[in-house]
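Shown next, in structure tokens, is the structure this report addresses.
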Amino acid sequence: MMNISKKILLLCVPFLLAACGSAPKQVATKVNSKPKHVARSVKPVRISHIDRDQGAQELMLHSMSLIGTPYRYGGSDTSTGFDCSGMIQFVYQNALGVALPRTARDMAAASRPIDPSRLKTGDLVFFNTGGSSKYSHVGLYIGNGEFIHAPSRKGVIRTEKMSNPYFAKRFIGAHTFFN
């Protein structure tokens with residue numbers, strides 16, 4: 001015979017485990033049908049309340065002040081370090097008061113693609129450096145063919161030339177949040 005607390009635990013464990021993870025990526029529609037992928041919904045971010053040139057200057061100054069800050073996977077503040085998207089999110093929030101999505105993939109979805117020849121300071125540059133998403137790395141374009149980013153484990157925030165062979169080969173697009 002099972003006591004009552006064990007019965008409750010056995011009934012609750014599946015629900016507790018289901019609540020621990022992130023939102024399911026697939027939803028089954030019928031018992032015998034294949035699961036359908038649920039599209040991620042990311043709201044567009046458009047900056048129109050700030051002068052483009054002033055906003056770009058603020059973004060560049062804030063990002064340059066982070067040079068030398070250590071890389072930390074999942075990091076999003078100056079005391080512990082940043083990953084690439086954490087740095088971008090931090091800079092946009094602190095320089096312009098604009099909240100961005102957390103991941104490079106969601107930043108790409110929320111921004112507007114632009115022709116790389118039209119890159120301006122403050123725009124985002126995306127790279128496919130491997131991983132689970134096409135948009136696996138992001139940097140902030142600072143002008144003169146350079147961007148600033150949080151590169152990888154054991155690295156620090158630094159500037160890089162777009163022509164660097166590693167990044168040139170992996171470059172997949174330029175995006176902006178400005179109208």
Inset, instruction - Would you mind calculating the gained length between Ser132 and Arg102 on full extension (0.36 nm times residue separation, minus the Cα-Cα distance), in nm to one decimal? - result: 9.3 nm
Inset, instruction - List the residues whose amide H sits under 5 Å from the amide H of Ile172, counting only those 5 or more places along or on another chain, with H placed 1.01 Å from N in the peptide plane. - result: Phe126, Phe127, Asn128
Legend entry - Length gained when the stretch Thr78-Asp51 is fully extended (0.36 nm per residue, less Cα-Cα span): 7.1 nm
Inset, instruction - Leaving ligands, DNA and RNA out of it, report the carbon-plus-sulfur percent of the accessible area of the range 34-179 at a 1.4 Å probe. - result: 50 percent
Legend entry - Solvent-accessible heavy-atom area per residue, rounded to whole Å², over the range 42-81 at 1.4 Å: 63 Å²
Legend entry - Neighbourhood charge, 13 Å Cβ-Cβ cut-off, centred on Asn179 and excluding it, Lys, Arg +1 and Asp, Glu -1: +2
Legend entry - Segment Ser65-Ile172, length gained on full extension (0.36 nm per residue, minus Cα span): 35.9 nm
Legend entry - Accessible-area value, Arg158, 1.4 Å probe, nucleic acids and ligands omitted, Å²: 100 Å²
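The values are calculated or read from the model by the stated rules, or taken from the named source; none is laboratory data. Predicted, not measured: the structure shown is a model, and the values here were computed from it. We place every Cβ from the backbone using ideal geometry, glycine too, and count neighbours over all the protein chains shown. Remember, those area values only see protein heavy atoms, side chains included, never the ligands or the DNA or RNA. Shrake-Rupley method; radii C 1.70, N 1.55, O 1.52, S 1.80 Å.
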